Amino acid sequence: MSSGRTRAPLGEEDPHDRKVLTARPPPRSPVPRPKRDARALYASVAGLPIISPHGHTDPSWFADNQPFPDPARLFIVPDHYVHRMLYSQGIRLEDLGVPRLDGGVIETDPRAIWRRFAANFHLFRGTPSWMWLNHAFAEVFGLAERLSADTADAAYDRIAECLERPEFWPRALFERFNIEALTTTESALDDLRHHRKMRESGWRGRVLTAFRPDAVVDPAFPGFVGNLAELGRIADQDVSTFAGYLQALATRRAYFKSVGCTSTDHGHPTARTADLSPVDAEALYARVKGGAASAADAELFRAQMLTEMAGMSLADGLVMQIHSGSFRDHNPAVAKLFGRDKGCDIPTATDYVGALKPLLDRFGNEPGLTVIVFTLDETTYSRELAPLAGHYPALKLGPPWWFYDSPEGMRRYREDVIETAGFYNTVGFNDDTRAFLSIPARHDMSRRVDCGYLARLVAEHRLDADEAFEVAHDLAYGLAKSAYRL
Ligand SMILES: [Zn+2]
């Protein structure tokens with residue numbers, strides 16, 4: 001854009017382009033074959049039910065089925081994708097209504113928050129947030145105008161008016177989105193009251209929990225020592241020994257399973273695993289349970305616990321998910337004022353080949369075990385993760401995750417992974433979102449990108465058309481359902 005001349009808006013004639021236009025008339029040929037194939041593949045999966053086997057929506061929404069409060073607290077206040085982009089352009093989180101841990105002054109007027117967001121909506125151009133948000137505005141609320149400072153109030157009024165109507169309450173949207181199964185994530189210490197309430201209510205929507213034990217297996221987790229005491233209390237188990245502690249975890253897993261849980265979720269900074277002797281494990285536990293663990297002890301304990309959890313998964317059938325490669329709370333000033341999940345988690349380089357070896361040495365050859373690995377380090381897809389998942393029966397590769405559940409991220413993932421791992425060592429798509437209204441958009445995007453990729457394979461004679469239809473169905477629906485035992 002250095003020529004300095006003014007560009008005509010799209011669709012209007014630019015005199016500087018006339019020569020080019022008349023010299024080469026637009027092609028009148030039919031839609032090219034891969035594009036037609038991609039459309040046909042997409043048409044075959046677009047209406048499939050959504051399986052959302054990993055995410056962070058709030059189970060109280062579906063248990064209580066109360067209206068969402070207002071457009072700002074629906075779209076802006078809880079969404080760290082929104083926070084990070086606006087913060088990067090100098091907008092204070094206080095001005096977006098994000099609560100401060102110290103109770104300091106923040107914007108409380110939802111319309112003011114919304115106006116600020118709308119006036120800066122152009123910042124999301126080219127990002128998946130732009131697509132997810134626009135999809136929800138148009139598909140859920142029927143907004144026809146692009147969001148901007150000029151359209152902010154009309155959009156706010158329309159959304160606020162919709163939110164009061166029962167057809168926009170959580171359970172109705174769940175049904176309208178055609179969600180067959182949705183998994184939330186709860187701490188090992190959670191009493192699962194919302195999930196129990198849902199089950200007892202007779203509502204037919206399938207919302208499941210996932211068992212997330214970070215608070216009681218990570219010595220660096222805030223309040224770890226107190227969390228251990230709480231674990232012992234609610235599991236009615238003496239946790240002063242390592243054996244007692246493991247038994248308490250097994251008890252909690254059984255409780256989660258009794259409320260419908262099919263998976264566990266482990267958000268460790270690295271993928272390191274360990275397989276210590278019982279004597280060494282007991283000695284390590286004795287060091288960490290007192291709260292004085294060194295950083296090295298904490299890392300070794302997390303590593304040992306991943307292997308212990310894999311052993312428990314083999315016994316109780318819960319599918320195990322390991323997320324690593326996120327440098328959490330990279331910005332200490334934001335973390336101190338606002339707490340976790342405020343948009344300052346950053347991908348970091350992650351080793352898998354060496355890190356997972358102790359766990360795989362012990363359990364990697366078990367076909368009855370499913371360990372799903374996610375990564376935020378894209379460089380490991382082709383070098384480490386696809387070869388590992390393409391060999392070990394226990395290992396499967398999760399979808400392009402978090403920063404990479406974008407059109408380009410999804411394309412790169414397919415290109416890096418499939419040639420080595422095949423489609424059937426992957427587990428379909430998951431949205432990993434806390435933004436409920438973005439779920440249809442995210443799954444739709446994944447279906448479109450996958451169909452584009454499959455159409456290319458067909459065009460290049462690397463896959464037959466009937467196989468492509470089968471794979472499209474598996475990627476959109478079947479793989480997630482079977483991998484997560486839903
Ligand atoms: Zn997650």
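The values are calculated or read from the model by the stated rules, or taken from the named source; none is laboratory data. On a predicted model such as this, the values are computed, not experimentally measured, just so you know. Positions of Cβ are generated from backbone atoms using ideal geometry, with glycine treated the same way; all protein chains shown enter the neighbour counts. Accessible surface is based on the protein model in full, side chains and every heavy atom, while ligands, DNA and RNA are left aside. Shrake-Rupley method; radii C 1.70, N 1.55, O 1.52, S 1.80 Å.
Quick check on packing: order 345-358, 418-431 by the mean number of other C-beta atoms within 10 Å, highest mean leading.
418-431, 345-358
Report, for the chain, the % of DSSP beta bridges that are antiparallel, rounded to 5.
Of the beta bridges lying entirely in the chain, close to 5 percent run antiparallel.
How do 360-372, 101-113, 137-149, 473-485 rank on mean C-beta neighbours within 10 Å, highest first?
473-485, 360-372, 137-149, 101-113
Of Val98, Ser44, Pro78, which is farthest along the charge dipole of the stretch 39-101 in the positive direction, counting Lys and Arg as +1 and Asp and Glu as -1 at C-beta?
With unit charges placed on the Cβ atoms, the residue in question is Ser44.
Please work out the Cα center distance from the stretch 178-207 to the stretch 261-339, rounded to the nearest Å.
Cα centres, the stretch 178-207 to the stretch 261-339: 25 Å.
Taking θ as phi - 60°, what are the ³J(HN,Hα) couplings along the stretch 468-477 by the Karplus curve (6.51, -1.76, 1.60), each to the nearest whole Hz, with x for Gly and Pro?
Here the 3J(HN,Hα) series is 4, 5, 5, 5, 4, 5, 5, 5, 7, 8 Hz.
Relative to the compact globular guide of 2.2 N^0.38 Å, what is the alpha carbon radius of gyration of the stretch 413-462, as a ratio?
This ratio for the stretch 413-462 stands at 1.32.
Which value, in debye to the nearest 20, describes the size of the charge dipole of the chain about its Cα centre when Lys and Arg Cβ atoms bear +1, Asp and Glu Cβ atoms bear -1, and nothing else is charged?
That gives the chain a dipole magnitude of about 920 debye.
Would you mind getting the accessible area per residue of the stretch 175-327, heavy atoms of the protein chains only, 1.4 Å probe, in Å²?
39 Å²
Per DSSP helix of 4 or more residues, -39500 (n - 2.57); summed, then divided by the residues of the chain. What does that give at 222 nm, rounded to the nearest 500?
Calculated from helices alone, the mean residue ellipticity at 222 nm is -13500 deg cm²/dmol.
Post the alpha-carbon centroid distance, the stretch 388-433 to the stretch 127-173, in whole angstrom.
Using only Cα atoms to place each centre, the spacing works out to 31 Å.
Using all Cα-Cα distances in the stretch 152-209, what percent lands in each 5 angstrom bin from 0 up to the longest?
Final binned percentages: 4, 15, 19, 19, 15, 13, 9, 5, 1.
With every protein chain present, what is the per residue accessible area of the stretch 418-457 (1.4 Å probe, Å²)?
Counting only protein heavy atoms, the per-residue value for the stretch 418-457 is 26 Å².
Counting only protein heavy atoms, what percent of the accessible surface of the chain is carbon or sulfur at a 1.4 Å probe?
Carbon and sulfur together cover 53 percent of it.
Which is farthest toward the positive dipole end of the chain among Pro32, Pro440, Leu143, measuring Cα position about the Cα centre, with Cβ charges +1 (Lys, Arg) and -1 (Asp, Glu)?
Working it through, the farthest residue towards the positive pole turns out to be Pro32.
What lysines does Lys357 reach when the alpha-carbon gap must be under 25 Å and sequence neighbours fewer than 8 apart in one chain are set aside?
In chain and number order, the partners are Lys396.
At a probe radius of 1.4 Å, what is the per-residue accessible area of His391, in Å² to the nearest 10?
120 Å²
Could you tell me which of Pro393, Val458, Tyr404 has its Cα farthest along the dipole of the chain towards the positive end, charges placed at Cβ (Lys, Arg +1; Asp, Glu -1), taken about the Cα centre?
Checked the options; the winner is Val458.
Over the stretch 281-388, what is the mean sequence separation of C-alpha contacts under 8 Å (at least six apart), divided by residue count, expressed as relative contact order in percent?
Contact order relative to length: 29 percent.
Suppose we take every Cα in the chain and form the convex hull; what volume per residue is that in Å³?
Hull volume normalised by residue count: 177 Å³.
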